[in-house]
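Here is the structure we will look at.
The values are calculated or read from the model by the stated rules, or taken from the named source; none is laboratory data. Please read these numbers as outputs of a predicted model, since none were measured by experiment. Cβ placement follows ideal geometry from the backbone for every residue including glycine, while neighbour counts extend to all protein chains displayed.
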Amino acid sequence: METPVICGSKVSTYVKYQGKYIATTEYCSEYVIASGNTKQEAYERAVRQGYPTPVIAYIAQELAENSF
């Protein structure tokens with residue numbers, strides 16, 4: 001069975017973020033600049049780190065759990 005892929009990134013890249021919101025520098029980037037339990041938290045953390053326009057995504061608990 002192949003490892004599931006999201007936007008070209010292996011799902012295993014995101015396992016530690018399951019059930020959380022992540023902020024990345026651009027759409028389909030596997031470089032996570034911040035994370036949080038809410039969209040607002042992830043966004044604010046990214047902005048504090050100097051990224052004024054982060055892309056916010058939710059990593060589903062089920063997706064990460066069922067990918068292995």
Count, please, the residues in the range 1-18 that happen to be assigned to a loop (DSSP other than H, G, I, E, B), within 14 Å of Ala60 (Cα to Cα) and either of a type in the set (Gly, Ala, Ser) or modelled with pLDDT under 60 (or both). 1
Given the criterion of a type in the set (Phe, Trp, Tyr), in a strand (DSSP E or B) and either modelled with pLDDT under 90 or surrounded by 15 or more Cβ atoms within 10 Å (Cβ to Cβ) (or both), identify the matching residue among Tyr21, Tyr43. Tyr21
In this structure, is Ser67 modelled with pLDDT of 90 or more, surrounded by 16 or more Cβ atoms within 10 Å (Cβ to Cβ) and polar (S, T, N, Q)? no
Count of residues meeting criterion [touching a helix residue (DSSP H, G or I) at 6+ places or on another chain (Cβ under 9 Å) and farther than 10 Å from Ala57 by Cα] in the range 33-45: 3
